[in-house]
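These notes are about the structure you will find just below.
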Amino acid sequence: MDSLSLNSTAALTTAVRRGTAPSEKQSITSPTLSEVNTSPDRPLRDIPGSYGIPFFGPIKDRLEFFYGTGGRDEFFRSRIQKFNSTVFRANMPPGPFVSSNSKVIVLLDAKSFPILFDVSKVEKKDLFTGTYRPSTKLTGGYRILSYLDPSEPRHAQLKNLLFFMLKSSSSRVIPQFETTYTELFESLETELAKNGKAPFNDAGEVAAFRFLGRAYFNSNPEETNIGKDGPKLITKWVLFNLSPILTAGLPWFLEEPLLHTFRLPSFLVKSSYKKLYDYFESVATTVIGEAVKSEIPKEEALHNILFAVCFNTFGGVKILFPDTLKWIGLAGENLHTQLAEEIRGAI
Ligand code: HEM
């Protein structure tokens, strides 16, 4: 997912994740600063920044966000400096024609950020990241849990279902991680010894999907009809979900019309999605049983399970695990020695 730039700049992009669009509950705007700025010796300020001219303002911000010098980190950093504030107004991609309202209040400090968890002030309906929600055509026609506001009755039902899934797999997570990643590193070591190099990404993704199948559903996906195809199918489906907010490294005049102005047509990914759906239908029997008991229709539960495993979890593992390895790798010999000693001391 790193190549899709989902959250390689986690600190900054997370801050503008769901709920920053002030479209419905405007109360996120002014009270945010006044509530956060509790220190009596610091004056209250209006939230700085502007949205610019309608239609053109969002496109200008989008171009700067994707193609400006320094990338998206600099998009935020330069505004923090310009406004001398970690809270400011800006347009978030995608803007025209994908999202109708791209106006957000960006929160980039630990004090203001928690306002996003106050559901009396922030509505999270039909938002996924920033101002954007992927088409429901990509989730079987359902507004899956991430697109629901906590005030909607289905929100609690589906969230409980996902907690059930997490809880019922908790005893498998560590042992299956150990098994799967030992397999991965043993095969990489063998390849390295044979060829002098061993590419990590594809093997790492296959291992991640195997780990999740084993942990969540007590079954190895490679022993089911989906075989080793899971990661490729997910990557294609995620691309269709996120294309308006991704950059593929192409020149702007190609990326803008191809990715950021319209949604990619969902029918092109229908058969891949069906394969994933069939896989989950075949392995998620315990979770589906729990859904039916909680009066969630089986089909809706399955689309939610698919999203939670393929998007929330696989996306996370795919990005965070290689990233962790990268940072450990870059940290140098001292840390490697310390880690080796600590680990050898413990096992
Ligand atoms: C380190 C791992 C994870 C991090 C840092 C993370 C982070 C987040 C954040 C910041 C939100 C937004 C919360 C909000 O809007 O109030 C969120 C929402 C969500 N995450 Fe995660 N997440 C992680 C793992 C997972 C996993 C493993 C699953 C699925 C099993 C998951 C499923 C969800 C769902 C369904 C939502 C929407 C919840 C709602 O609307 O109430 N996440 N996550």
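Below, the figures for the structure above:
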read-out	value
Choice from 237, 252, 327 showing the highest fluctuation, given a GNM over the chain with Cα pairs closer than 10 Å	327
Calculated FRET efficiency for the pair residue 41/residue 298, C-beta based, R₀ 51 Å, to 0.05	0.30
Length-normalised contact order for the stretch 49-164 - Cα pairs under 8 Å, 6+ apart - percent	18 percent
Positive dipole terminus of the stretch 161-346, leading residue within 201, 336, 262 (C-beta point charges)	262
Mean Cβ neighbour count within 10 Å, used as a protection proxy, ranking 174-187, 155-168 highest first	155-168, 174-187
Sites residue 178 and residue 51 - FRET efficiency at Förster radius 56 Å, r taken between beta-carbons, to 0.05	0.65
Estimated distance in nm for a label pair at residue 282 and residue 222, the labels positioned 7 Å out from Cα along Cα-to-Cβ	1.6 nm
Most mobile of 126, 46, 109 in a GNM of the chain (Cα contacts under 10 Å)	46
Using alpha-carbon coordinates, inclination of helix 56-67 to the longest axis of the chain, degrees	40 degrees
GNM result for the chain, Cα springs below 10 Å: residue of 335, 233, 306 fluctuating most strongly	335
Helical contribution to [θ] at 222 nm, DSSP H n ≥ 4, -39,500 (n - 2.57), averaged over the chain, rounded to 500	-16000 deg cm²/dmol
Full-extension gain in nm, residue 135 to residue 63, via 0.36 nm per residue minus C-alpha separation	23.6 nm
Degrees between helix 71-83 axis and first principal axis of the chain (Cα, 0 to 90, nearest 10)	30 degrees
The stretch 318-339 versus the stretch 75-118: alpha-carbon centroid distance in Å	31 Å
Cα gyration tensor shape of the stretch 161-346, rounded if a/c is under 1.5, else prolate or oblate by comparing a/b with b/c	oblate
Within the chain: Cβ-based charge dipole about Cα centre, in debye rounded to nearest 20 (Lys, Arg +1; Asp, Glu -1)	900 debye
Environment charge at residue 224 (Cβ cut-off 13 Å; Lys +1, Arg +1, Asp -1, Glu -1)	-1
Between helix 201-217 and the chain: long-axis angle, C-alpha atoms, 0 to 90°, nearest 10	80 degrees
Dipole magnitude of the stretch 161-346, debye to nearest 20 (Cβ charges: Lys/Arg +1, Asp/Glu -1, about Cα centre)	380 debye
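Any read-out appearing in this document is the output of simple, stated calculations on the displayed coordinates, not a laboratory observation. Model, not experiment: these values are computed from the prediction. Positions of Cβ are generated from backbone atoms using ideal geometry, with glycine treated the same way; all protein chains shown enter the neighbour counts.
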